[in-house]
Amino acid sequence: MEKIVSLSKRRGFVYPGSEIYGGLANTWDYGPYGVELKNNVKKIWWKTFVQDRQDMVGLDASILMNPRVWEASGHVQSFSDPLMDCKKCKERVRGDKLIEQHLGIEFAVGKTLKEISQIIRDKKLSCPKCGATDFTEARSFNLMFKTHQGVIEEDSALVYMRPETAQGIFVNFKNVITSTRMKLPFGIGQIGKAFRNEITPGNFTFRTREFEQMEIEYFFDPETTSWEKIFTEWKEWSWNFVTKTLGIAETSLRLRDHEKDELSHYSKGTTDIEYLFPFGWGELCAAAAYRTAFDITQHQTFSGQDLSYTDPENPKRKVIPHVMEPSFGADRITLAVLLNAYDEEEIDGEMRVVLRFAPKLAPIKIAILPLVKNKEIITKKAEDIYHMVKGKFTTEYDESGSIGKRYRRQDEIGTPYCVTIDFDTIEKDDAVTVRDRDTTKQERVKVTELVNYLRDKLEN
Ligand code: ATP
């Protein structure tokens with residue numbers, strides 16, 4: 001992971017947040033290449049799941065919502081972690097995680113605060129920092145960030161920063177069915193920021209307190225569609241998205257079904273996709289979580305509004321739809337894409353680092369490189385070619401440093417093709433050298449054919 005963190009900073013993918021002020025723990029800022037990469041991940045997700053499907057529409061709801069939303073969703077009462085402090089070194093640990101690490105996940109899930117304290121005492125589990133076994137009792141800590149709406153703090157209303165994007169979809173379910181032609185089964189997709197006051201953030205962008213989610217709530221009529229069918233379909237669609245569309249190696253991925261006692265009380269089945277991160281297997285996304293009728297029922301009760309769907313075949317029949325939720329983290333997926341692309345290899349006795357992004361994910365698709373920067377005849381031609389290509393593909397112009405160094409730099413940001421303009425371009429053949437990132441092989445291509453050549457290469 002250190003290699004990815006340092007490459008990310010050196011090459012402008014991800015910087016530590018607020019760095020000139022000494023940073024703010026576990027915040028990260030996406031740099032010029034990182035934002036392109038993450039935007040590509042989001043764009044491809046949106047196209048795959050929202051635009052290319054007849055049974056899906058999109059939404060962009062507010063981060064701040066009426067606090068009743070979070071009472072209805074259960075977050076005010078139960079979105080919390082059991083925390084304990086080591087009495088010796090004052091390290092704060094999550095009781096359930098400590099149990100999970102030492103005894104396995106089946107001992108950690110579904111336990112009360114009392115049971116957690118008891119297990120840790122009985123099994124003499126120790127503090128990871130100092131090794132002591134004396135902890136305070138486990139206390140519940142709500143993970144929602146609170147803020148105030150209104151200028152004068154004392155008079156203002158308490159609001160929460162949303163801990164998931166899903167609820168914005170549920171509260172708009174009725175709006176969507178009354179303003180569109182959508183019929184069950186259909187889904188609503190949304191990309192947006194979420195905030196959780198995580199106790200154990202870390203591992204670079206894997207777990208942060210501010211992150212971005214890409215969520216789908218897929219609504220269906222349980223009388224006409226079996227949940228098992230929808231569950232199986234979504235597991236497959238999510239898996240295909242990660243493996244085929246994003247190209248993450250299947251050998252680094254696995255599906256994991258949640259154990260019965262690990263499921264949320266309203267869920268009948270959840271399957272995660274896990275990725276083998278450098279620190280071990282970790283949840284990449286929830287491929288599908290079956291949430292039953294819980295969400296719409298809760299919001300109907302708390303809001304007092306009729307949120308049912310009228311069966312178009314039988315207008316007397318009202319349906320409270322059931323929900324399947326595939327939920328992806330944009331930052332975690334971007335991190336997995338980076339890790340998956342990272343490669344080191346020796347070429348002609350020299351080591352190179354190369355990010356082997358699929359062209360559609362690469363932040364920069366084409367680099368235009370004049371062989372030398374002090375010959376105007378060459379730089380002028382290179383600039384003309386840059387202007388010819390740049391509106392068609394994300395393109396960068398670079399004239400500083402030796403050509404070898406410039407190739408290395410483009411390899412490190414994962415640019416699939418470098419185009420070099422040299423003396424022969426001007427004097428002989430009106431052609432350029434196109435270098436392939438993965439093979440480092442070079443081909444001579446006529447300037448008049450360049451755009452088509454690159455389009456062919458990038459699309460295949
Ligand atoms: P974890 O068990 O890792 O905390 P979770 O089960 O709480 O995750 P979900 O509530 O299922 O996560 O959220 C869906 C997705 O959102 C996750 O699969 C992950 O990709 C992303 N996600 C959740 N929490 C974070 C976080 N703190 N930082 C970055 N991404 C996150």
Subject >> Boolean, residue 225 is more than 16 Å from residue 290 (Cβ to Cβ) and either crowded, with 18+ Cβ neighbours inside 10 Å or in contact (Cβ under 8 Å) with a residue 12 or more places away in the chain (or both) >> reply: no
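This table checks each residue for (1) touching a residue at least 24 places away in the same chain (Cβ under 8 Å); (2) buried (at least 18 other Cβ atoms within 10 Å of the Cβ).
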position: 326; (1), (2): yes, yes
position: 330; (1), (2): yes, yes
position: 333; (1), (2): yes, yes
position: 343; (1), (2): no, no
position: 349; (1), (2): no, no
position: 353; (1), (2): yes, no
position: 368; (1), (2): yes, yes
position: 383; (1), (2): no, no
Original post:
So is residue 205 in contact (Cβ under 8 Å) with a residue 40 or more places away in the chain, closer than 25 Å to residue 35 by Cβ and β-branched (Val, Ile, Thr) or not?
Top reply: yes
Original post:
Name the pairs whose Cβ atoms lie under 8 Å apart, with the first residue in the range 285-300 and on the phi > 0 side of the Ramachandran plot, the second part of a strand (DSSP E or B), and 6 or more positions between them or separate chains?
Top reply: 292/322; 292/323
**OP:** At least 1 residues that are of a type outside the set (Val, Ile, Thr) and more than 21 Å from residue 74 (Cα to Cα) in each: list the helices (runs of 4 or more DSSP H) lying fully within the range 160-240 that qualify.
**Re:** 173-179, 227-240
**OP:** Check the range 184-191 and report whether any residue there is more than 18 Å from residue 283 (Cβ to Cβ) and within 13 Å of the ligand (Cβ to nearest atom).
**Re:** yes
Original post:
Just to be sure, is residue 236 more than 12 Å from the ligand (Cβ to nearest atom), in the same structural domain as residue 272 (by TED's automatic domain parsing) and free of Cβ contacts under 8 Å to residues at least 12 places away in the same chain?
Top reply: yes
Subject >> Criterion violated by residue 91 - all others in (1) farther than 25 Å from residue 294 by Cβ; (2) surrounded by fewer than 16 Cβ atoms within 10 Å (Cβ to Cβ); (3) touching a Phe, Trp or Tyr at 6+ places or on another chain (Cβ under 6 Å) satisfied >> reply: (3)
Original post:
Checking residue 334 against (1) polar (S, T, N, Q); (2) more than 15 Å from the ligand (Cβ to nearest atom); (3) assigned to a helix (DSSP H, G or I), which single condition isn't satisfied?
Top reply: (2)
Original post:
Out of 437, 444, 408, which single residue is more than 29 Å from the chain's Cα centre (by Cα) and either assigned by TED's automatic domain parsing to the domain that holds residue 10 or more than 21 Å from residue 387 (Cβ to Cβ) (or both)?
Top reply: 444
Subject >> Identity of the residue in the range 314-330, under 25 Å from the mean Cα position of the chain (by Cα) and of a type outside the set (D, E, K, R), that ends up nearest to the ligand (Cβ to nearest atom) >> reply: 329
Original post:
Restricting attention to the range 267-276, and to residues there that are within 11 Å of the ligand (Cβ to nearest atom) and not β-branched (Val, Ile, Thr), which single residue is farthest from residue 214 (Cα to Cα)?
Top reply: 267
Subject >> Residues satisfying the stated conditions in the range 201-221, i.e. within 10 Å of the ligand (Cβ to nearest atom) and touching a Pro at 6+ places or on another chain (Cβ under 7 Å) >> reply: 207, 208, 209
Original post:
Given (1) without any contact (Cβ under 8 Å) to a residue 60 or more places away in the chain; (2) of a type outside the set (A, V, I, L, M); (3) in contact with a helix residue (DSSP H, G or I) (Cβ under 6 Å, 6 or more places away or on another chain), where does residue 58 come up short, assuming only one miss?
Top reply: (1)
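The values are calculated or read from the model by the stated rules, or taken from the named source; none is laboratory data. Keep in mind that what you see is a predicted model, and the values were worked out from it rather than measured. Glycine gets a Cβ as well: all are built from the backbone with ideal geometry, and neighbour counts include every protein chain shown.
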